[in-house]
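A quick write-up on the structure given underneath.
The values are calculated or read from the model by the stated rules, or taken from the named source; none is laboratory data. A quick note: this is a predicted structure, and the numbers were derived from the prediction, not measured. Backbone-built Cβ (ideal geometry, glycine too); neighbour counts: all protein chains shown. Remember, those area values only see protein heavy atoms, side chains included, never the ligands or the DNA or RNA. Shrake-Rupley method; radii C 1.70, N 1.55, O 1.52, S 1.80 Å.
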Amino acid sequence: MSHPPLTGEELRARIAKTPRVKLAFLPTPLQHCPRLSADLDVDLWVKRDDLTGLAFGGNKTRNLEFRMAEAVEAGADVLVFGVEITSNSARQTAAAANVLGLPLVLVLRGEVPSAPQGNLLVNLLLGAQIRLVDVPSFNHLGPVLEEIAGELRTAGRRPFVLNHARMFARASALAYVEALLEIREQLAAHGRMADHVFVSSGGKGQAGLILAKKALALSVRIQGIASTRNEDPWEYAARTATDAAELLELGLGVSPGEVENTFDYIGKGYGIPTDAGMEAIVRFARREGILLDPVYSGKAAAGMLDHVRRGVVRRGATVVFIHTGGQPALFSQSHALVEYLNGPMRRSEP
(Lines give C-alpha, C1' and ligand atoms only; values in the text may rest on other atoms or scores of the structure.)
Protein backbone atom coordinates (compact mmCIF):
# COMPACT_ATOMS: atom_id res chain seq x y z
CA MET A 1 0.00 0.00 0.00
CA SER A 2 1.46 3.38 -0.98
CA HIS A 3 1.20 6.45 1.20
CA PRO A 4 1.51 10.14 0.35
CA PRO A 5 4.89 11.60 1.35
CA LEU A 6 5.22 13.20 4.73
CA THR A 7 6.52 16.69 5.32
CA GLY A 8 9.64 17.25 7.38
CA GLU A 9 7.51 18.69 10.17
CA GLU A 10 5.30 15.61 10.25
CA LEU A 11 8.30 13.31 10.39
CA ARG A 12 9.87 15.33 13.20
CA ALA A 13 6.62 15.23 15.15
CA ARG A 14 6.65 11.44 15.03
CA ILE A 15 10.27 11.26 16.17
CA ALA A 16 9.43 13.63 19.03
CA LYS A 17 7.15 10.98 20.55
CA THR A 18 10.19 8.78 21.29
CA PRO A 19 11.93 9.38 24.64
CA ARG A 20 15.35 11.01 24.35
CA VAL A 21 17.90 12.89 26.41
CA LYS A 22 19.75 15.98 25.23
CA LEU A 23 23.39 15.16 24.40
CA ALA A 24 24.23 16.47 20.92
CA PHE A 25 24.75 19.94 19.49
CA LEU A 26 22.21 19.90 16.68
CA PRO A 27 21.85 20.67 13.89
CA THR A 28 25.46 20.03 12.95
CA PRO A 29 26.96 22.34 10.28
CA LEU A 30 26.79 21.57 6.57
CA GLN A 31 30.10 22.80 5.16
CA HIS A 32 30.56 23.61 1.49
CA CYS A 33 33.86 22.45 0.00
CA PRO A 34 34.65 24.81 -2.91
CA ARG A 35 38.17 23.54 -3.62
CA LEU A 36 37.24 19.86 -3.69
CA SER A 37 34.10 20.74 -5.64
CA ALA A 38 36.27 22.33 -8.32
CA ASP A 39 38.69 19.38 -8.30
CA LEU A 40 35.91 16.83 -8.69
CA ASP A 41 33.49 18.83 -10.86
CA VAL A 42 30.66 18.25 -8.38
CA ASP A 43 29.01 20.42 -5.72
CA LEU A 44 30.42 18.86 -2.56
CA TRP A 45 29.13 19.48 0.98
CA VAL A 46 30.26 17.83 4.21
CA LYS A 47 27.75 17.20 7.00
CA ARG A 48 29.90 17.78 10.07
CA ASP A 49 28.65 15.09 12.41
CA ASP A 50 32.14 15.05 13.86
CA LEU A 51 30.97 18.21 15.66
CA THR A 52 28.14 16.73 17.73
CA GLY A 53 29.92 17.66 20.95
CA LEU A 54 30.66 14.63 23.14
CA ALA A 55 34.38 13.90 23.62
CA PHE A 56 35.58 14.82 20.11
CA GLY A 57 32.07 14.31 18.69
CA GLY A 58 30.88 11.83 16.11
CA ASN A 59 27.75 10.30 14.68
CA LYS A 60 27.03 8.05 17.67
CA THR A 61 26.13 11.02 19.86
CA ARG A 62 22.90 11.36 17.87
CA ASN A 63 22.05 7.70 18.53
CA LEU A 64 22.86 7.96 22.21
CA GLU A 65 20.09 10.49 22.80
CA PHE A 66 17.61 7.64 22.24
CA ARG A 67 19.69 4.74 23.59
CA MET A 68 20.43 6.47 26.88
CA ALA A 69 16.82 7.53 27.33
CA GLU A 70 15.81 3.88 27.26
CA ALA A 71 18.43 3.02 29.89
CA VAL A 72 17.29 5.87 32.15
CA GLU A 73 13.65 4.82 31.82
CA ALA A 74 14.64 1.25 32.74
CA GLY A 75 16.09 2.52 36.02
CA ALA A 76 19.65 1.43 35.27
CA ASP A 77 22.40 2.34 37.72
CA VAL A 78 25.23 0.95 35.56
CA LEU A 79 25.65 0.51 31.81
CA VAL A 80 27.36 -2.31 29.93
CA PHE A 81 28.50 -1.85 26.34
CA GLY A 82 30.60 -4.07 24.09
CA VAL A 83 32.43 -3.00 20.92
CA GLU A 84 35.78 -3.15 19.13
CA ILE A 85 38.73 -1.58 20.95
CA THR A 86 39.04 1.11 18.25
CA SER A 87 35.36 2.04 18.42
CA ASN A 88 34.23 5.66 18.27
CA SER A 89 30.96 4.52 19.80
CA ALA A 90 32.77 3.44 22.99
CA ARG A 91 34.27 6.91 23.43
CA GLN A 92 31.00 8.75 22.90
CA THR A 93 29.08 6.29 25.10
CA ALA A 94 31.59 6.82 27.92
CA ALA A 95 31.15 10.58 27.63
CA ALA A 96 27.35 10.29 27.52
CA ALA A 97 27.40 8.07 30.61
CA ASN A 98 29.35 10.76 32.45
CA VAL A 99 26.87 13.45 31.39
CA LEU A 100 24.07 11.35 32.86
CA GLY A 101 25.99 10.32 35.98
CA LEU A 102 25.94 6.60 35.15
CA PRO A 103 28.99 4.34 35.51
CA LEU A 104 29.92 2.35 32.41
CA VAL A 105 31.58 -1.01 31.89
CA LEU A 106 33.17 -1.02 28.44
CA VAL A 107 33.81 -4.50 27.07
CA LEU A 108 36.34 -4.07 24.29
CA ARG A 109 37.45 -6.66 21.77
CA GLY A 110 41.01 -6.26 20.52
CA GLU A 111 44.69 -6.56 21.28
CA VAL A 112 46.12 -4.77 24.30
CA PRO A 113 48.31 -1.94 22.98
CA SER A 114 51.74 -1.24 24.44
CA ALA A 115 50.64 2.35 25.08
CA PRO A 116 46.99 3.50 24.97
CA GLN A 117 46.26 5.99 22.22
CA GLY A 118 43.29 7.30 20.29
CA ASN A 119 39.86 6.22 21.50
CA LEU A 120 41.24 3.86 24.15
CA LEU A 121 43.18 6.69 25.76
CA VAL A 122 40.08 8.90 25.79
CA ASN A 123 38.02 6.05 27.31
CA LEU A 124 40.55 5.81 30.14
CA LEU A 125 40.45 9.58 30.63
CA LEU A 126 36.65 9.47 30.82
CA GLY A 127 36.88 6.88 33.58
CA ALA A 128 35.05 3.97 31.99
CA GLN A 129 35.72 0.58 33.57
CA ILE A 130 37.38 -1.28 30.71
CA ARG A 131 37.43 -5.02 30.23
CA LEU A 132 39.45 -6.31 27.30
CA VAL A 133 38.22 -9.65 25.93
CA ASP A 134 39.56 -12.09 23.39
CA VAL A 135 36.69 -13.37 21.24
CA PRO A 136 36.75 -14.30 17.52
CA SER A 137 34.62 -11.36 16.39
CA PHE A 138 32.32 -8.57 17.49
CA ASN A 139 29.38 -10.94 17.02
CA HIS A 140 30.71 -13.17 19.84
CA LEU A 141 30.46 -10.44 22.49
CA GLY A 142 26.83 -11.13 23.42
CA PRO A 143 27.37 -13.93 25.97
CA VAL A 144 30.27 -12.01 27.56
CA LEU A 145 28.05 -8.96 28.06
CA GLU A 146 25.31 -11.03 29.66
CA GLU A 147 27.83 -12.70 31.95
CA ILE A 148 29.09 -9.31 33.13
CA ALA A 149 25.53 -8.06 33.59
CA GLY A 150 24.83 -11.17 35.68
CA GLU A 151 27.82 -10.42 37.91
CA LEU A 152 26.52 -6.90 38.44
CA ARG A 153 23.02 -8.11 39.30
CA THR A 154 24.48 -10.55 41.84
CA ALA A 155 26.26 -7.58 43.39
CA GLY A 156 22.92 -5.78 43.74
CA ARG A 157 23.26 -3.45 40.76
CA ARG A 158 20.75 -2.67 37.98
CA PRO A 159 22.76 -3.11 34.76
CA PHE A 160 21.53 -2.15 31.32
CA VAL A 161 23.23 -3.82 28.35
CA LEU A 162 23.08 -1.23 25.59
CA ASN A 163 23.82 -3.73 22.80
CA HIS A 164 20.73 -5.76 23.63
CA ALA A 165 18.34 -2.87 24.13
CA ARG A 166 15.17 -2.44 22.10
CA MET A 167 16.39 0.93 20.81
CA PHE A 168 19.97 -0.07 19.96
CA ALA A 169 19.62 -0.21 16.17
CA ARG A 170 16.39 1.81 16.01
CA ALA A 171 18.15 4.73 17.73
CA SER A 172 20.64 4.91 14.86
CA ALA A 173 17.82 4.93 12.34
CA LEU A 174 15.83 7.66 14.13
CA ALA A 175 18.97 9.74 14.50
CA TYR A 176 19.69 9.64 10.79
CA VAL A 177 16.13 10.26 9.74
CA GLU A 178 16.64 13.51 11.60
CA ALA A 179 20.07 14.06 10.03
CA LEU A 180 18.62 13.82 6.52
CA LEU A 181 15.95 16.34 7.49
CA GLU A 182 18.74 18.71 8.57
CA ILE A 183 20.66 18.15 5.33
CA ARG A 184 17.55 18.77 3.26
CA GLU A 185 16.77 22.03 5.05
CA GLN A 186 20.38 23.26 5.05
CA LEU A 187 20.77 22.64 1.32
CA ALA A 188 17.38 24.25 0.61
CA ALA A 189 18.70 27.45 2.21
CA HIS A 190 21.25 27.50 -0.63
CA GLY A 191 18.73 26.58 -3.31
CA ARG A 192 20.02 23.02 -3.67
CA MET A 193 18.82 19.44 -3.25
CA ALA A 194 21.11 16.46 -2.67
CA ASP A 195 21.64 14.04 -5.53
CA HIS A 196 23.95 11.72 -3.56
CA VAL A 197 24.67 11.12 0.12
CA PHE A 198 27.71 9.06 1.15
CA VAL A 199 28.19 7.69 4.67
CA SER A 200 30.35 5.18 6.49
CA SER A 201 27.81 2.64 7.70
CA GLY A 202 27.34 -1.03 8.45
CA GLY A 203 23.59 -0.55 8.12
CA LYS A 204 22.07 1.11 11.20
CA GLY A 205 22.69 4.75 10.35
CA GLN A 206 22.10 4.24 6.66
CA ALA A 207 18.72 2.75 7.59
CA GLY A 208 17.56 6.14 8.83
CA LEU A 209 18.70 7.94 5.70
CA ILE A 210 16.87 5.43 3.51
CA LEU A 211 13.76 5.61 5.67
CA ALA A 212 13.69 9.41 5.51
CA LYS A 213 14.21 9.30 1.75
CA LYS A 214 11.25 6.95 1.39
CA ALA A 215 8.95 8.75 3.82
CA LEU A 216 9.62 12.10 2.14
CA ALA A 217 9.59 10.64 -1.40
CA LEU A 218 13.04 12.03 -2.26
CA SER A 219 15.12 11.00 -5.26
CA VAL A 220 18.49 11.25 -3.51
CA ARG A 221 20.81 8.24 -3.79
CA ILE A 222 22.06 6.98 -0.41
CA GLN A 223 25.39 5.15 -0.64
CA GLY A 224 26.76 3.37 2.40
CA ILE A 225 30.44 2.43 2.63
CA ALA A 226 31.09 -0.43 5.05
CA SER A 227 34.20 -0.50 7.25
CA THR A 228 33.72 -4.08 8.44
CA ARG A 229 32.17 -7.36 7.34
CA ASN A 230 30.67 -7.99 10.80
CA GLU A 231 27.15 -7.43 9.45
CA ASP A 232 25.23 -7.84 6.22
CA PRO A 233 24.55 -4.11 5.69
CA TRP A 234 21.82 -4.74 3.10
CA GLU A 235 19.71 -6.96 5.33
CA TYR A 236 20.62 -5.06 8.51
CA ALA A 237 19.70 -1.66 7.07
CA ALA A 238 16.44 -2.97 5.63
CA ARG A 239 15.42 -4.64 8.89
CA THR A 240 16.39 -1.64 10.99
CA ALA A 241 14.61 0.83 8.69
CA THR A 242 11.46 -1.30 8.74
CA ASP A 243 11.57 -1.56 12.56
CA ALA A 244 12.01 2.21 12.85
CA ALA A 245 9.16 2.79 10.40
CA GLU A 246 6.95 0.64 12.63
CA LEU A 247 8.01 2.64 15.68
CA LEU A 248 7.11 5.88 13.86
CA GLU A 249 3.86 4.37 12.53
CA LEU A 250 4.82 5.17 8.95
CA GLY A 251 3.16 2.14 7.38
CA LEU A 252 6.06 1.35 5.07
CA GLY A 253 8.96 -1.07 4.85
CA VAL A 254 12.39 -1.24 3.28
CA SER A 255 13.80 -4.27 1.44
CA PRO A 256 17.49 -5.23 1.10
CA GLY A 257 17.26 -4.43 -2.61
CA GLU A 258 16.67 -0.76 -1.72
CA VAL A 259 19.97 -0.55 0.17
CA GLU A 260 23.13 0.56 -1.61
CA ASN A 261 26.22 -0.43 0.35
CA THR A 262 29.59 -1.93 -0.47
CA PHE A 263 32.52 -3.83 1.02
CA ASP A 264 34.80 -2.59 -1.77
CA TYR A 265 36.73 -0.08 0.33
CA ILE A 266 37.43 -2.11 3.50
CA GLY A 267 40.80 -3.31 2.23
CA LYS A 268 42.56 -6.02 4.26
CA GLY A 269 40.14 -5.67 7.16
CA TYR A 270 38.48 -3.53 9.80
CA GLY A 271 40.78 -0.91 11.25
CA ILE A 272 43.57 -1.62 8.76
CA PRO A 273 44.35 1.55 6.78
CA THR A 274 44.22 1.54 2.98
CA ASP A 275 46.21 3.65 0.55
CA ALA A 276 42.96 4.96 -0.95
CA GLY A 277 41.74 5.92 2.51
CA MET A 278 45.02 7.67 3.28
CA GLU A 279 44.84 9.51 -0.04
CA ALA A 280 41.35 10.72 0.86
CA ILE A 281 42.50 11.84 4.31
CA VAL A 282 45.37 13.85 2.84
CA ARG A 283 43.17 15.33 0.14
CA PHE A 284 40.47 16.53 2.53
CA ALA A 285 43.08 17.90 4.93
CA ARG A 286 45.05 19.82 2.32
CA ARG A 287 42.18 21.04 0.18
CA GLU A 288 39.57 21.88 2.85
CA GLY A 289 41.25 21.65 6.26
CA ILE A 290 38.92 18.79 7.23
CA LEU A 291 40.42 15.89 9.20
CA LEU A 292 39.12 12.38 8.48
CA ASP A 293 40.20 9.13 10.12
CA PRO A 294 41.71 5.92 8.68
CA VAL A 295 39.14 3.50 10.13
CA TYR A 296 35.77 4.93 9.04
CA SER A 297 35.49 8.35 7.40
CA GLY A 298 38.72 8.05 5.37
CA LYS A 299 37.60 4.82 3.75
CA ALA A 300 34.11 6.22 3.15
CA ALA A 301 35.62 9.30 1.51
CA ALA A 302 37.78 7.02 -0.65
CA GLY A 303 34.59 5.30 -1.79
CA MET A 304 32.96 8.62 -2.60
CA LEU A 305 36.00 9.80 -4.59
CA ASP A 306 36.04 6.54 -6.52
CA HIS A 307 32.33 6.86 -7.35
CA VAL A 308 33.05 10.33 -8.74
CA ARG A 309 36.06 9.14 -10.73
CA ARG A 310 34.09 6.25 -12.26
CA GLY A 311 31.22 8.49 -13.29
CA VAL A 312 28.69 6.91 -10.93
CA VAL A 313 28.21 10.48 -9.71
CA ARG A 314 27.48 12.73 -12.68
CA ARG A 315 29.29 16.01 -13.22
CA GLY A 316 27.67 18.92 -11.44
CA ALA A 317 25.76 16.69 -9.02
CA THR A 318 25.16 17.91 -5.47
CA VAL A 319 26.97 15.47 -3.18
CA VAL A 320 26.82 15.31 0.62
CA PHE A 321 29.48 13.41 2.53
CA ILE A 322 28.50 12.68 6.14
CA HIS A 323 31.56 13.04 8.35
CA THR A 324 30.95 10.50 11.12
CA GLY A 325 33.94 11.58 13.22
CA GLY A 326 36.74 9.35 14.50
CA GLN A 327 39.72 11.71 14.46
CA PRO A 328 41.33 10.12 17.58
CA ALA A 329 42.30 7.22 15.28
CA LEU A 330 44.73 9.58 13.52
CA PHE A 331 46.86 9.25 16.65
CA SER A 332 46.39 5.53 17.29
CA GLN A 333 47.20 4.95 13.59
CA SER A 334 49.94 7.59 13.42
CA HIS A 335 52.62 5.14 12.26
CA ALA A 336 50.55 4.14 9.23
CA LEU A 337 49.80 7.76 8.42
CA VAL A 338 53.46 8.83 8.68
CA GLU A 339 54.50 5.84 6.58
CA TYR A 340 52.03 6.89 3.89
CA LEU A 341 53.14 10.52 3.98
CA ASN A 342 56.82 9.55 3.76
CA GLY A 343 56.41 6.65 1.35
CA PRO A 344 56.65 6.37 -2.42
CA MET A 345 52.99 7.40 -2.76
CA ARG A 346 53.41 10.58 -0.71
CA ARG A 347 51.78 13.71 -2.06
CA SER A 348 53.33 17.13 -1.61
CA GLU A 349 50.26 18.66 -3.22
CA PRO A 350 46.65 17.52 -3.73
- Task: Measure off 7 Å from each Cα along the Cα-to-Cβ vector at S219 and H32, then give the distance between these two points in nanometres to one decimal.
- Result: 2.3
- Query: Given the convex hull over the Cα atoms of segment 101-146, what projected area results after averaging over all orientations, in nm²?
  - Reply: 3.7
- Using a 10 Å cut-off on Cβ atoms, rank the peptides 118-127, 91-100, 297-306 from the highest mean neighbour count down. 297-306, 91-100, 118-127
- Task: For T7 and N139, compute 0.36 nm times the residue count separating them, minus their Cα-Cα distance, and round to one decimal in nm.
- Result: 43.7 nm
- Message: So if each residue of separation counts as 0.36 nm, and I subtract the Cα-Cα distance between K268 and N230, what length gain in nm does that give?
- Response: 12.3 nm
- Just the projected area, averaged over all directions, of the convex hull on the alpha carbon atoms of the chain: how many nm²? 17.4
- In a shell of Cβ-Cβ distance under 10 Å around T93, excluding T93 itself, what net charge do Lys and Arg (+1) and Asp and Glu (-1) give? +3
- Could you tally the net charge around R153, taking each other residue with its Cβ under 12 Å from the Cβ of R153, Lys/Arg +1 and Asp/Glu -1? -2
- Message: Rolling a 1.4 angstrom probe over the protein chains, ignoring ligands and nucleic acids, what is the accessible area of T154 in square angstrom, nearest 10?
- Response: 120
- Query: So how long is each side of segment 147-233 along the principal axes, counting just the alpha-carbon atoms, biggest first, in Å?
  - Reply: 58, 27, 19
- Heavy-atom accessible area of H164, protein chains in place, probe 1.4 angstrom, given in Å² to nearest 10, is 90
- Query: Given the chain, what count of lysine pairs have C-alpha atoms under 28 Å apart, with each pair 8 or more places apart or on different chains?
  - Reply: 28
- Message: Quick test of the membrane-span-like rule: which DSSP H helices of the chain reach at least 27 Å along their long axis (C-alpha atoms) with mean Kyte hydropathy at least 0.5?
- Response: 168-188
- Task: Show V112, V161 ordered by accessible area, largest first, where the area counts protein heavy atoms only and the probe is 1.4 Å.
- Result: V112, V161
- Relative contact order for segment 263-326: what is it in percent, counting Cα pairs under 8 Å that are at least 6 residues apart? 33
- Note on the structure: What helix-only [θ] at 222 nm does the chain give? Using -39500 (n - 2.57) per DSSP H run of at least 4, over all residues, to the nearest 500, the answer is -13500 deg cm²/dmol
- Query: Within the chain, which is the longest segment containing none of the GluC sites (Glu not before Pro) that sit in a DSSP loop and have at most 12 other Cβ atoms within 10 Å?
  - Reply: 112-248
- Task: Note down the net charge around A241, summing +1 for each Lys or Arg and -1 for each Asp or Glu among other residues with Cβ under 15 Å from its Cβ.
- Result: -3
- Note on the structure: log10 I(q)/I(0) for segment 1-92, Debye formula on C-alpha points only (no solvent), q = 0.11, 0.19, 0.22, 0.24 Å⁻¹, two decimals, reads -0.51, -1.03, -1.12, -1.18
- Message: Among DSSP bridges having both ends in the chain, what percentage is antiparallel? Round to the nearest 5.
- Response: 10
